[in-house]
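Participant: Starting off with a structure, shown below.
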Amino acid sequence: MEPQIAVGRVRRPHGLNGAFKVLSFSGEYEHLAKPKVYRLKNGDRFRDFEVEWVKISGPMTLVKLKGLDTPEEVKAFSNWEIWVDKRFAVPLKDGNEFYCADLIGLKAVCGGIERGTVTAVCLDLPDDTLEVTVSENGKKILIPFRSLFIGEVDTEKGTVEISEEWFFE
């Protein structure tokens with residue numbers, strides 16, 4: 001199976017036929033029409049649905065999945081994430097963009113020493129933020145994803161450079 005990536009979230013039902021509004025994590029919507037199957041996920045629970053149709057209209061983009069035919073059925077999946085094969089994600093524009101999924105699992109290196117592992121990316125804070133679990137004590141720390149604190153990100157080597165030692169104190 002091809003690697004998958006979260007591209008959006010099911011919002012509320014629209015109309016009476018089981019369609020729903022979508023929130024795109026990237027802010028772009030055209031890529032949502034390409035997959036033939038969506039995997040809806042909520043924690044460890046998931047369910048695959050065949051895409052019936054997608055009507056693209058920016059933040060008012062609507063999706064209809066086979067098997068979800070009433071507003072009540074859609075409500076059961078409200079706020080679930082929409083996962084698709086990674087090839088359907090919005091393409092990265094340059095070397096300074098990363099998929100959140102590619103950052104999780106990177107080794108956090110500070111001063112040439114591996115200090116921890118990126119365990120999550122928080123997008124709902126004022127700044128995008130890396131959650132790093134410190135190797136030494138298992139403590140979780142938050143590091144804003146800003147050039148002031150984050151140096152080179154090398155997904156090939158599996159590392160992210162943290163420029164400030166005090167995060168680990």
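Participant: Solvent-accessible area per residue for the chain at a 1.4 Å probe radius, Å²? Could the numbers behind the result be given before it?
Facilitator: Numbers: 9800 Å² over 169 residues.
Heavy-atom SASA per residue in the chain reads 58 Å².
Participant: In nm, give the distance between the simple-model label positions of residue 79 and residue 16, each being 7 Å from the Cα along the Cα-to-Cβ direction.
Facilitator: If labels sit at residue 79 and residue 16, their model points lie 2.8 nm apart.
Participant: Work out the FRET efficiency for residue 157 and residue 122 from their Cβ-Cβ distance, taking R0 = 25 Å, and round it to the nearest 0.05.
Facilitator: On the way: r = 23 Å, r/R0 = 0.94.
The value I calculate is 0.60.
Participant: Out of the chymotrypsin sites (Phe, Trp or Tyr not before Pro) in region 122-169, which ones are loop residues according to DSSP with at most 14 other C-beta atoms within 10 Å? Walk me through the intermediate numbers first.
Facilitator: Numbers: sites: 145, 149, 166, 167, 168; in loops: 145, 149.
Answer by residue number: there is no such site.
Participant: Please say if region 1-56 is rounded, prolate or oblate, where rounded means a/c under 1.5 for a ≥ b ≥ c the square roots of the C-alpha gyration tensor eigenvalues, and otherwise the choice is prolate for a/b larger than b/c and oblate otherwise? Could you put the intermediate results ahead of the total?
Facilitator: Values: a/c = 1.45, a/b = 1.24, b/c = 1.16.
The shape class here is rounded.
Participant: Let me ask something additional. Computing the accessible area with a 1.4 Å probe over protein heavy atoms, can you report the carbon and sulfur percentage for the chain? Walk me through the numbers on the way to the answer.
Facilitator: Working: 4970 of 9800 Å².
Within the chain, the accessible surface is 51 percent carbon and sulfur.
Participant: Calculated FRET efficiency, residue 42 and residue 140, Cβ-Cβ r, R0 35 Å, to nearest 0.05? Could the numbers behind the result be given before it?
Facilitator: Numbers: r = 22 Å, r/R0 = 0.64.
Taking R0 as 35 Å, the efficiency between residue 42 and residue 140 is 0.95.
Participant: Under the rule that an exposed site lies in a DSSP loop and has at most 11 other Cβ atoms within 10 Å, name the longest stretch of the chain with no trypsin sites (Lys or Arg not before Pro) of that kind, not counting the sites themselves.
Facilitator: Details: sites that count: 36, 93, 139, 146, 157.
Between the exposed loop sites, the longest stretch runs 37-92.
Participant: If you compute Rg/Rh (Cα atoms, Kirkwood Rh) for the structure shown, which of (i) 1.09; (ii) 1.05; (iii) 0.92 do you land on?
Facilitator: Matching entry in (i) 1.09; (ii) 1.05; (iii) 0.92: (ii).
Participant: Same structure again: Only sites in a loop by DSSP and with at most 12 other Cβ atoms within 10 Å count here; which GluC sites (Glu not before Pro) in region 109-160 make the cut?
Facilitator: On the way: sites: 114, 131, 136, 152, 156; in loops: 136, 156.
Here the GluC sites (Glu not before Pro) that fit, given the DSSP loop and packing criteria, are 136, 156.
The values are calculated or read from the model by the stated rules, or taken from the named source; none is laboratory data. Nothing here was measured: the structure is a model prediction, and the numbers come from that model. Positions of Cβ are backbone-derived with ideal geometry, glycine not excepted, and every protein chain shown enters the neighbour counts. Surface areas here come from the heavy atoms of the whole protein model, side chains and all, with no ligands, DNA or RNA. Shrake-Rupley method; radii C 1.70, N 1.55, O 1.52, S 1.80 Å.
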